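First comes the structure, then the notes that go with it.
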Amino acid sequence: MSNTERSSLESWYAPLKREQPQKKRRRRKKTAWRIAAVLILVLVLILGSSLAFSGSGADSSQSGSMPDDWEDYFRNYFEDAQTTTVNTNIPRADLEPGFTIELQEQGEELSLQQLYERCADTIVAITGTVEDESGYYWGTGVIASPDGLIVTNAHIIDGCDSAKVTLYNDESYEAKLVGVDGISDLALLKIDAEGLPAAVFGDVSSIAVGDEVAAIGNPLGEDFRSTLTNGIISAIDRGLNYNGRTMSLLQTNTAINQGNSGGALFNMYGQVVGITNMKMMSYYSSIEGIGFAIPSSTVKSVVDSLAANGEVRGRPSIGITVGAIPEDVSSHYDIPSGLYVSGVQENSDAQLKGVQVGDILTAVNGQEVYTTEDVAAIKDAMAVGDTMTLSLWRDGETIEVEIELMDTNDLY
């Protein structure tokens with residue numbers, strides 16, 4: 001709700017101003033009529049309020065707040081959210097083809113004090129710098145191996161020319177880059193160290209909403225290093241759009257702030273079940289307790305691939321960016337429900353087959369789609385090289401386009 005909408009709605013709830021009677025004596029009949037008149041006035045205000053609320057939806061769009069042309073509306077509604085790559089000039093390290101993250105079974109449950117004592121030393125601070133620029137990027141990382149492999153978020157090192165890792169004991173090392181993946185927002189760094197306290201990663205398949213968790217990271221800079229916060233798992237498989245693609249994340253009410261990125265979300269067995277990477281924010285209202293973490297199952301898959309290849313291969317991509325069409329908007333413009341195509345990746349098979357910005361995707365392989373999660377579920381069950389049929393609404397007609405899924409790294 002915009003500030004304008006909020007203020008207009010609040011005005012309907014302004015208290016009624018009643019004049020005080022000038023005479024203390026009234027005849028009962030006249031008083032009864034006055035009471036009836038007040039009740040009628042209140043009823044009229046209630047009906048007016050109802051009309052105002054209903055007008056804030058689709059009807060309000062007809063009052064001139066929405067453009068006449070639906071394509072103009074969507075050009076303003078959707079930003080150009082093409083998937084982009086992470087660009088970094090951090091020197092490359094040798095690959096670690098024998099390294100894999102092992103997901104452990106749950107062991108003994110810990111208190112928060114025990115968890116912090118056991119796990120705090122596995123968390124590091126990461127400082128990224130850019131040549132010819134003042135300041136630095138600040139974040140968190142997790143020690144993944146005793147010989148210096150560090151898991152963190154890709155966005156922490158995006159654009160950086162160098163990165164420094166600071167351990168629990170204040171020892172600092174220059175980091176090299178093993179691999180980075182902007183789509184999953186994960187990166188693998190390497191420092192020249194031995195005998196480090198490596199974190200234990202847990203199996204996220206048994207985690208449930210309501211399970212207690214704790215985060216350790218470095219929020220807001222150097223002064224708050226190794227901060228412990230705790231909460232619960234609020235949702236599992238929460239689909240959020242990041243960098244033009246949908247990520248499936250753990251949601252938690254654990255306090256997550258800038259600088260926590262790349263840190264660990266632990267279960268109460270001292271195991272990493274997620275890498276914290278974002279929180280919900282708003283410029284118009286206060287939002288508390290909505291943070292997110294990349295689940296350990298995704299971390300294992302991506303980091304194992306980064307260690308072996310320096311990148312993630314074999315991940316299918318359609319080559320288009322889509323966004324959901326609000327129901328009131330489709331009704332107002334009399335267009336189909338589905339997903340608006342806001343971007344088509346250059347050199348994708350979708351582009352070669354004629355998919356255009358402004359198309360409305362209504363079905364994939366004959367299955368109706370209404371959310372990005374609907375499309376991702378179908379795509380992720382397929383492989384690079386498979387063909388997919390897109391049903392597209394364009395200029396009042398539905399057309400079928402058959403495209404080949406391509407490797408994400410060949411497109412982005």
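Any read-out appearing in this document is the output of simple, stated calculations on the displayed coordinates, not a laboratory observation. Just so we're clear, the structure is a prediction, and the values are computed from it rather than from any experiment.
In terms of modelled amide H atoms, which long-range or inter-chain residues lie less than 5 Å from the amide H of Gly274?
Leu265, Ser296
Taking amide H atoms as placed 1.01 Å from N in the peptide plane, list the residues 5 or more away in sequence, or in a different chain, whose amide H sits under 5 Å from that of Cys160.
Asn89
HN-Hα J couplings of region 370-378 from phi, Karplus 6.51/-1.76/1.60, θ = phi - 60°, integer Hz, Gly and Pro as x?
10, 10, 5, 5, 4, 5, 4, 4, 6
Each residue of region 252-259 in order: what ³J(HN,Hα) in whole Hz does its phi give by Karplus 6.51 cos²θ - 1.76 cosθ + 1.60, θ = phi - 60°, with x for Gly and Pro?
For region 252-259, the Karplus-derived couplings read 9, 8, 4, 4, 10, 10, 4, x Hz, x marking Gly and Pro.
Output wanted: per-residue J couplings in Hz (rounded whole) for region 287-300, from phi through Karplus 6.51 cos²θ - 1.76 cosθ + 1.60, θ = phi - 60°, x for Gly and Pro.
Couplings: 10, 10, x, 10, x, 9, 9, 6, x, 4, 5, 5, 4, 4 Hz.
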